[in-house]
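Enquirer: Have a look at this one.
Readers should treat all values here as calculations from the given coordinates under stated rules, not as data from a laboratory. All of these numbers come straight from a predicted model, not from anything done at the bench. Here the Cβ positions follow ideal geometry from the backbone for every residue, glycine too, while neighbour counts run over all protein chains shown.
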Amino acid sequence: MPKKKSDPTISVVVTAATGEVDSVVTELKNEGLQIDSVLREIGIVTGRIPKSKLSTLKPRPGVTIEEDKGVQLPPPDAPIQ
């Protein structure tokens, strides 16, 4: 029996108006986002969702949803570029 290909999970960063964070979190949970952290003071929510479902997150006015690409810094002893 062939193995099923798993749908990779990606991390996302959601930015919302600070007064709207709780309602946005509720909506995102209902759409399948697994919430990792909620930073109400600055209007940021982080979470994970299967990559194939990223496009199903509904757009909202004043809310941005982006894939968290991460940042790779060079080691401290690397030459300056």
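Enquirer: Could you rank the peptides 30-36, 44-50 by their average count of other C-beta atoms within 10 Å per residue, with the highest value first?
Expert: 44-50, 30-36
Enquirer: Next up: Between residue 36 and residue 69, with labels modelled 7 Å along Cα→Cβ, what's the label distance in nm to one decimal, could you check?
Expert: For residue 36 paired with residue 69, the spin-label model returns 1.7 nm.
Enquirer: Pick from 41, 27, 67: which residue has the top mean-square fluctuation in a GNM of the chain where Cα pairs under 10 Å get a spring?
Expert: 41
Enquirer: If you don't mind, there's one more thing I want to ask. For the pair residue 52 and residue 80, what calculated FRET efficiency results from E = 1/(1 + (r/R0)^6), where r is the Cβ-Cβ distance and R0 = 41 Å, to the nearest 0.05?
Expert: In this case the efficiency is close to 0.50.
Enquirer: Another question, then. Treat the count of other C-beta atoms within 10 Å as a stand-in for reagent exposure and order 15, 64, 9 from fewest to most.
Expert: Starting with the residue having the fewest Cβ neighbours, the order is 64, 9, 15.
Enquirer: Okay, moving on. Run the helix sum for the chain: -39,500 (n - 2.57) per DSSP H stretch of 4+ residues, divided by residue count, reported at 222 nm to the nearest 500 deg cm²/dmol.
Expert: Roughly -3500 deg cm²/dmol at 222 nm, from the helical runs in the chain.
Enquirer: Still on this structure, please answer the following. Give the label of the value calculated from the structure for semi-axes √(5λ) of the Cα gyration tensor in Å, choosing from (i) 20, 16, 11; (ii) 26, 23, 10; (iii) 28, 13, 10.
Expert: Of the listed options (i) 20, 16, 11; (ii) 26, 23, 10; (iii) 28, 13, 10, (ii) comes from this structure.
Enquirer: Work out from phi, with θ = phi - 60° and the Karplus expression 6.51 cos²θ - 1.76 cosθ + 1.60, the ³J(HN,Hα) of each residue of the range 28-41, listed in order in whole Hz, and give x for Gly and Pro.
Expert: Couplings: 5, 4, 5, 8, x, 6, 8, 6, 9, 8, 10, 10, 4, 4 Hz.
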